[in-house]
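Undergrad: Take this structure first; my questions come after.
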There are 2 protein chains.
Amino acid sequence: MSNQLNVTVPEGAPFIDFTREFDFPVAAVFEAHRDPEIVAQWFGPNNMKMEVDHYDFHSGGSYKYTHSDETGNYVFTGVFHTVRENEFAIQTFEFDGYPDVVAMDYIRFETLENNRTRLVGHSVYPTQEARDGMAASGMEVGLSEGYARLDALLSSR
Amino acid sequence: MSNQLNVTVPEGAPFIDFTREFDFPVAAVFEAHRDPEIVAQWFGPNNMKMEVDHYDFHSGGSYKYTHSDETGNYVFTGVFHTVRENEFAIQTFEFDGYPDVVAMDYIRFETLENNRTRLVGHSVYPTQEARDGMAASGMEVGLSEGYARLDALLSSR
């Protein structure tokens, strides 16, 4: 049984929301977001290779990583406004294909019963057009594939 | 003659936009945003004292400052996602009275004829309610008073 990614793209508001549950405790799910060596093993679409330039997952830190496949390299950068262990993160997100169009991602790590976890995401875009473009970009597939790989990774530990 | 602050609060979108022109060149207006010792002299409402804890106005930097008056202390924190000299900045913005409600502010420094400058601001809020609360908070008065003090400061140099 696998847990489903639920993405909501609200009408007329520049947001994308999602939830995803995991059959693993919050500490394990958070650590898989904090440690760049683990992040590089699961984050992003299946067909992409991820290379981390730097990834300092703490308040005031920043990150830069590259996803690549046979079509090219895709560079992502951002800063972490807030990171609270096993609880909450707020970070900015920019793709070099759309320079200066920066999203803000809220991620909440919720503790469920039976050592399970719920991730609650809220992404905020600077224009409605930017949100619509992101929603149409295949991000849902990439996110869903990434979380399935995270499940597999956490199962194997 | 003083230049006017024009604030737009669009219906049904979580944004606040503004423009403000200055009779000073972009380099001077940008420097007054970059140097924390100058920022502390003009930013915010007239009745507030500003104390800067740190303010590193460059890509990947962060800031923390306190506004205070007889009613209390108001702490603001954020990170700078992008800073391009004399051109553009993107930063996050959090007021400790509304923890975890983080806005993203885009500021464009435009060069006009006759050594003049136009600031173009676009603020993005994580919910419509947060935007409405900010719009009702007196932020327009504080911004307007601050820019008038910046005019006076740049005139005196």
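Undergrad: Show which lysines lie in cross-link reach of residue B:49 when reach means a straight Cα distance below 28 angstrom and same-chain residues fewer than eight apart are skipped.
TA: B:64
Undergrad: Between copies, how far does the label point of residue A:40 sit from its twins, in nm, shortest first, when each point is 7 Å from Cα along Cα→Cβ?
TA: Going from nearest to farthest copy, the values are 4.1 nm.
Undergrad: A further question follows. Ratio of the protein assembly as shown's C-alpha Rg to 2.2 N^0.38 Å, to two decimals? All intermediate terms of the calculation are to be shown ahead of the outcome.
TA: On the way: Rg = 20.9 Å, N = 314, 2.2 N^0.38 = 19.6 Å.
After normalising by residue count via 2.2 N^0.38 Å, the value is 1.07.
Undergrad: Label-to-label distances across copies for residue B:74, with labels 7 Å out along Cα→Cβ, in nm, shortest first?
TA: Sorted ascending, the copy-to-copy spacings read 4.1 nm.
Undergrad: So what is the relative contact order for segment A:6-152, in percent, with contacts set as C-alpha pairs under 8 Å and at least six apart?
TA: Values: 311 pairs, mean separation 40.2, N = 147.
After rounding, I find 27 percent.
Undergrad: To continue, here is another question. Would you mind estimating how fast segment B:1-90 diffuses translationally, via Stokes-Einstein at 20 °C and 1.002 mPa s with the Kirkwood radius over Cα pairs, in µm²/s?
TA: Details: Rh = 14.9 Å.
Reported coefficient: 144 µm²/s.
Undergrad: How far is residue A:113 from itself in the other copies, in nm, if each label sits 7 Å out from Cα along the Cα-Cβ line, shortest first?
TA: So the distances to the same position in the other copies read 7.2 nm.
Undergrad: Sticking with this structure for a sec: What number comes out for the charge environment of residue A:58, summing +1 per Lys or Arg and -1 per Asp or Glu over other residues with Cβ under 14 Å away?
TA: Numbers: positive: A:34, A:84; negative: A:31, A:35, A:56, A:85, A:87.
Surrounding charge for residue A:58 is -3.
Undergrad: Here's a follow-up. To the nearest 10 Å², what's residue B:154's accessible area with a 1.4 Å probe?
TA: About 20 Å², rounded to the nearest 10.
Undergrad: Starting from segment A:40-144, pick out the GluC sites (Glu not before Pro) whose DSSP state is loop and whose Cβ has at most 12 other Cβ atoms within 10 Å. Display every interim value, and only then the final one.
TA: On the way: sites: A:51, A:70, A:85, A:87, A:94, A:110, A:113, A:129, A:140; in loops: A:70, A:85, A:87, A:113.
Here the sparse-neighbourhood loop sites are A:70, A:113.
Undergrad: Here is a follow-up. Rounded to the nearest angstrom and ordered from largest down, what semi-axes does the equivalent ellipsoid of chain B get from its C-alpha gyration tensor (root of 5λ)?
TA: Values: eigenvalues 102, 66, 54 Å².
Three semi-axes, in Å: 23, 18, 16.
Undergrad: Write down the accessible area per residue of segment B:6-152 in Å², having rolled a 1.4 Å probe over the full set of protein chains. Don't skip to the answer; put the middle values down first.
TA: Values: 6760 Å² over 147 residues.
On a per-residue basis, 46 Å².
Undergrad: Right, next: Show the residues, 5+ positions off or on another chain, whose built amide H is closer than 5 Å to the amide H of residue B:61.
TA: B:80
Undergrad: Additional query: What list of ³J(HN,Hα) values in whole Hz, one per residue of segment A:17-31 in order, does the Karplus curve 6.51 cos²θ - 1.76 cosθ + 1.60 (θ = phi - 60°) give from phi, with Gly and Pro shown as x?
TA: Values per residue, Gly and Pro as x: 10, 8, 10, 7, 9, 9, 8, 9, x, 4, 4, 6, 5, 5, 4 Hz.
Undergrad: Here's a follow-up. Excluding residue B:67 itself, what net charge comes from residues whose Cβ is under 15 Å from its Cβ, given Lys and Arg +1 and Asp and Glu -1? Intermediate values should be presented prior to the final figure.
TA: Working: positive: B:49, B:64, B:149; negative: B:51, B:53, B:69, B:70, B:94, B:96, B:145.
Once positives and negatives cancel, what remains is -4.
Undergrad: Follow-up question, since we're still on this one. Between residue A:2 and residue A:40, 0.36 nm times their residue separation minus their Cα-Cα distance comes to what? The partial results should precede the final answer.
TA: Numbers: separation 38, 0.36 × 38 = 13.68 nm, distance 2.15 nm.
Separation in residues times 0.36 nm, less the Cα-Cα distance, equals 11.5 nm.
Undergrad: Nearest 100 Å² is fine: how much accessible area is buried between B and A, summed over both sides, with a 1.4 Å probe? Please report the intermediate quantities before stating the final value.
TA: Values: alone 8540 and 8530 Å², together 15240 Å².
By this definition, chains B and A bury close to 1800 Å².
Undergrad: Counting C-alpha atoms alone, how compact is segment B:67-157: give Rg to one decimal and Dmax as a whole number, in angstrom.
TA: Over segment B:67-157's Cα set, Rg and Dmax evaluate to 15.0, 43 Å.
Undergrad: At a 1.4 Å probe radius, carbon and sulfur cover how many percent of the accessible area of segment A:6-152?
TA: On the way: 3350 of 6740 Å².
For segment A:6-152, the apolar C and S fraction of the accessible surface comes to 50 percent.
The values are calculated or read from the model by the stated rules, or taken from the named source; none is laboratory data. Computed from a predicted model, the values in this text were never measured in an experiment. Positions of Cβ are generated from backbone atoms using ideal geometry, with glycine treated the same way; all protein chains shown enter the neighbour counts. SASA here: full protein model, heavy atoms, side chains in, ligands and nucleic acids out. Shrake-Rupley method; radii C 1.70, N 1.55, O 1.52, S 1.80 Å.
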